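Peer 1: To start, I am sharing the structure in question, which I have written as structure tokens.
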Amino acid sequence: QKEVEQNSGPLSVPEGAIASLNCTYSDRGSQSFFWYRQYSGKSPELIMFIYSNGDKEDGRFTAQLNKASQYVSLLIRDSQPSDSATYLCAGRDSNYQLIWGAGTKLIIKP
Amino acid sequence: GAGVSQSPSNKVTEKGKDVELRCDPISGHTALYWYRQSLGQGLEFLIYFQGNSAPDKSGLPSDRFSAERTGGSVSTLTIQRTQQEDSAVYLCASSLGVTSGNTIYFGEGSWLTVV
């Protein structure tokens, strides 16, 4: 069974600090990975996708992919209370199916 | 359209009634997905359409659930003889294709309450 695993949290981070969200996946054939943010009562919205080993930066967000270790992470610098949400990790496997993690709830404390 | 459009946004129905939920994907998007999300839970895959290929129905929880996509665009998810456990938000998403970099975009969801 192909799985994407995330710690459900909540992960509590003080305002201004770096929030680090992690995700592991079981299918070595997975080719690309996505991070979505979901506010309570809202639908998921895309933050970033990554498909190459290494880091990809977009503003305060950095996605990291390590295919050898089968993990993906999302770093949020200078965390703001508005970053408080559930973060969903998804991997697209070798059959192009999307496998979703259950999400990590992030709380940024002022 | 500019985004994925779903209707109705909210639906309250009596147990045992049938409901239809509609999704209009982003123009030109060939892939369309239906997910279900219960309160405080993760995304539950229901069904996936890609172009003219046979849909992947592997996530449909029972034969009370069905979906169709007409003309490769609009999709309708039908739930027959609704049960209280069907109460959830039903999310539709679409993507340009299914290759590695194609991201999916979600609609605002249809919130279903079965009383």
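Peer 1: Do you know which of the residues in region B:84-115 that are of a type outside the set (S, T, N, Q) and assigned to a helix (DSSP H, G or I) is surrounded by the fewest Cβ atoms within 10 Å (Cβ to Cβ)?
Peer 2: Ranking the candidates gives B:E85 first.
Peer 1: Any residue in region A:22-40 that is over 30 Å from B:F49 (Cα atoms) and of a type in the set (D, E)?
Peer 2: no
Peer 1: Go through (1) loosely packed, with under 15 Cβ neighbours inside 10 Å; (2) within 11 Å of chain B (Cβ to nearest Cβ); (3) in contact (Cβ under 8 Å) with a residue 40 or more places away in the chain and name the single condition A:I47 misses.
Peer 2: Checking A:I47 against (1) loosely packed, with under 15 Cβ neighbours inside 10 Å; (2) within 11 Å of chain B (Cβ to nearest Cβ); (3) in contact (Cβ under 8 Å) with a residue 40 or more places away in the chain, the one that fails is (1).
Peer 1: Here's a follow-up. Based on this model, can you work out whether A:S40 counts as within 12 Å of chain B (Cβ to nearest Cβ), assigned to a loop (DSSP other than H, G, I, E, B), more than 15 Å from the chain's Cα centre (by Cα) and touching a residue at least 40 places away in the same chain (Cβ under 8 Å)?
Peer 2: yes
Peer 1: Looking at B:Q6, B:Q41 in this structure, which one is touching a Cys at 6+ places or on another chain (Cβ under 6 Å) and under 19 Å from B:G107 (Cα atoms)?
Peer 2: B:Q6
Peer 1: Does at least one position in region B:22-34 carry a residue that is more than 14 Å from the chain's Cα centre (by Cα) and at positive phi?
Peer 2: yes
Peer 1: Given the criterion under 13 Å from the mean Cα position of the chain (by Cα), of a type in the set (F, W, Y) and within 12 Å of chain B (Cβ to nearest Cβ), identify the matching residue among A:F61, A:F34.
Peer 2: None of the others qualify; the one that does is A:F34.
Peer 1: If you go through region A:86-104 one residue at a time, do you hit one that is more than 11 Å from chain B (Cβ to nearest Cβ), farther than 23 Å from B:C92 by Cα and surrounded by 14 or more Cβ atoms within 10 Å (Cβ to Cβ)?
Peer 2: There is no residue in region A:86-104 that is more than 11 Å from chain B (Cβ to nearest Cβ), farther than 23 Å from B:C92 by Cα and surrounded by 14 or more Cβ atoms within 10 Å (Cβ to Cβ).
Peer 1: Which strands (runs of 3 or more DSSP E) sit wholly inside region A:70-110 and have at least 2 residues that are modelled with pLDDT of 95 or more?
Peer 2: A:71-76, A:85-92, A:104-109
Peer 1: Looking only at region A:6-29, decide whether some residue is in a strand (DSSP E or B), within 13 Å of chain B (Cβ to nearest Cβ) and at pLDDT below 95.
Peer 2: No: region A:6-29 contains no residue that is in a strand (DSSP E or B), within 13 Å of chain B (Cβ to nearest Cβ) and at pLDDT below 95.
Peer 1: Look through B:Y35, B:Y48 and report the one residue that is assigned to a strand (DSSP E or B), under 16 Å from A:I99 (Cα atoms) and modelled with pLDDT of 95 or more.
Peer 2: None of the others qualify; the one that does is B:Y35.
Peer 1: Still on this structure, I have one more. Hey, B:R81 hits all of (1) surrounded by fewer than 19 Cβ atoms within 10 Å (Cβ to Cβ); (2) at negative phi but one; which does it fall short on?
Peer 2: (2)
The values are calculated or read from the model by the stated rules, or taken from the named source; none is laboratory data. From a predicted model like this one, the values you see are computed outputs, not experimental measurements. Every residue, glycine among them, receives a Cβ derived from its backbone with ideal geometry; neighbour counts consider all protein chains shown.
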